[in-house]
Amino acid sequence: MSDPNRVYIFDTTLRDGEQSPGASMNPQEKLEIAKQLALLKVDVIEAGFPVSSKGDFEAVHTIAQEVHGPAICALARAIEKDIKVAADALEGASKKRLHTFIATSAIHMEHKLKMTPDQVLKKAGEMVEYAKSLVDEIEFSPEDAGRSEKSFLYEIIELAISKGATSINIPDTVGYTTPLEFGQLIKDIKNNVPNIDQAIISVHCHNDLGLATANSLAAIMNGARQVECTINGIGERAGNASLEEIAMILKTRHDLGLNTNINTKQLIRTSKLVSNISGIFVQANKAIVGANAFAHESGIHQDGMLKNQSTYEIMNPEDVGILATQIPLGPRSGKHALKSRLAQLGFDNLSEEMLADLYTGFSKLADQKKRVDDRDLYALASNQSLENEISVTFELVHVQVTCGSGNLPTASVILRDQRDKTNILKGAELGTGPVDAICKCIRKLTKADCTLIEFTVKSVTEGIDSLGEVFIRIRDDNSKGVYSGHAAKTDIVIASAQAYLNAINRFFERKEGLKLSPQSTEAGI
Ligand code: KIV
Ligand code: ZN
């Protein structure tokens, strides 16, 4: 018998999270995140909305075939074509789920769908039945449930279950409800839908009023047993309920008597990966994964902490992947020390080759910085694993810039074309600044038809010798596909060159058919 106190975690970072403005990810990046979500031990990965674009279809399909452990879920509107495409994308998954939805609030039915409630009801019944003929596990969502009439909700949920839905997801699509209301809604559904015991109740809360986590918790307290959430709370508009908050609430407040299967020690690593790939940085005071989440500033607090940690700390930092021993590694630290610290940080699945590359990067950094702390290691290791995902068409051999007041910013760059290693490309360009000059030069040498659409730089640690992390996005001028590049170095000019070249290599990877296509700009939801 399944544990009645178990709360299932349905991660929608790759679907609703990707709907965050500017967060679109290419299939290769989605695969990288999906592998990490499997290490985090989420129960379900909503990998995408296959009918929305070729890229999304490929991403779901690849994840279905390559990621095992969690169930892989694909989203579909309650439309036959969507459902068929979603089922096709899931082909090969060891555990698959199809998630279909239709709006049930008066506002959505009248203005968006232009359908009557009877038409919506009929459509929902038919489409759940059709989906069930293709996939066994079916999730049904009455979109905008938070603003739907309760009697209509009961009716449509009962019908969906009778047609084979195994999960009923209640979305607060616009983040409008309050915890008391949302908890009551779940309780009412439990008490008024006769066949509700044949399905698991799930919730999906948006954060428009900052209540997504509180509403999800209220729902769990009233009988929901699946929470849909995203890493770092990213998602449409103000985002979704944050996975790390839900997981740590249930772990820290074990007196609530509920549990998840999440390996919380992987939370920081997952948060950093999603932030690096999506380009959406985590605010310093973000609960659980923010840089300040476990920092104690005031003298009184520090004094209390020294006397007893429980005075001001309700969670053990080690439980989320922050190491208690903060002895930084340095130039004299060996490969073994690096390996064991990385394993403690959650990077316990590195190949010998990756470890050797990382050790080279670490040694260089340790020579420059002398003290390499966990934040540096996270940046180095995330950087390395992202680079390993790209096939390198052009290698950066040399970059040099001159700039300053009175000087024209000029970059000279040398690249090696890996398709023909004797082909060494050399060039120099002027720019409005050093980064602009580098990007222009690399673009000219590689002949990539693309435009830089985003450039962000931030420091990993405090101090002038900090690693600088650069995140770049480029858009293919023809296909409009978006590619991202990321690099971390103590010299932000070199990091910029490498990040730009990583994005360009992704562009060529696709062009030459080596890997999957980027997210296209075709219809979304
Ligand atoms: O917010 C929402 O209603 C959704 C549905 C597709 C579940 O994302
Ligand atoms: Zn949503």
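Values for this structure:
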{"quantity": "Some residue of segment 389-398 being open to solvent by 80 Å² or more (accessible area, probe 1.4 Å), more than 24 Å from LYS35 (Cβ to Cβ) and not in a helix (DSSP H, G or I)", "calculated": "no"}
{"quantity": "Any hit, segment 43-55, residues being more than 28 Å from PHE507 (Cα to Cα) and modelled with pLDDT of 95 or more", "calculated": "yes"}
{"quantity": "Among (1) under 20 Å from THR12 (Cβ atoms); (2) open to solvent by 10 Å² or more (accessible area, probe 1.4 Å) - the single one SER141 does not satisfy", "calculated": "(2)"}
{"quantity": "Residue tally, condition aliphatic (A, V, I, L, M), open to solvent by 30 Å² or more (accessible area, probe 1.4 Å), modelled with pLDDT of 95 or more and under 31 Å from the mean Cα position of the chain (by Cα), over segment 425-447", "calculated": "0"}
{"quantity": "Lone qualifier among VAL174, VAL203 - being surrounded by 21 or more Cβ atoms within 10 Å (Cβ to Cβ), within 22 Å of GLY17 (Cβ to Cβ) and modelled with pLDDT of 95 or more", "calculated": "VAL203"}
{"quantity": "Residue identified as of a type in the set (Val, Ile, Thr), within 11 Å of ligand 1 (Cβ to nearest atom), outside any helix (DSSP H, G or I) and farther than 16 Å from SER242 by Cα among ILE170, ILE201", "calculated": "ILE170"}
{"quantity": "Any chance ASN169 is in the same structural domain as GLY92 (by TED's automatic domain parsing) and either crowded, with 16+ Cβ neighbours inside 10 Å or of a type in the set (Phe, Trp, Tyr) (or both)", "calculated": "yes"}
{"quantity": "Residue match in segment 21-42 (condition: on the phi > 0 side of the Ramachandran plot, within 16 Å of ligand 2 (Cβ to nearest atom), at pLDDT 95 or above and in the same structural domain as VAL174 (by TED's automatic domain parsing))", "calculated": "no"}
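The values are calculated or read from the model by the stated rules, or taken from the named source; none is laboratory data. None of these values were measured; they are calculated from a predicted model. Don't worry about glycine lacking a Cβ; one is built from the backbone with ideal geometry, like all the others, and counts go over all protein chains shown. These area figures cover heavy atoms from the full protein model, side chains too; ligands, DNA and RNA do not enter into them. Shrake-Rupley method; radii C 1.70, N 1.55, O 1.52, S 1.80 Å.
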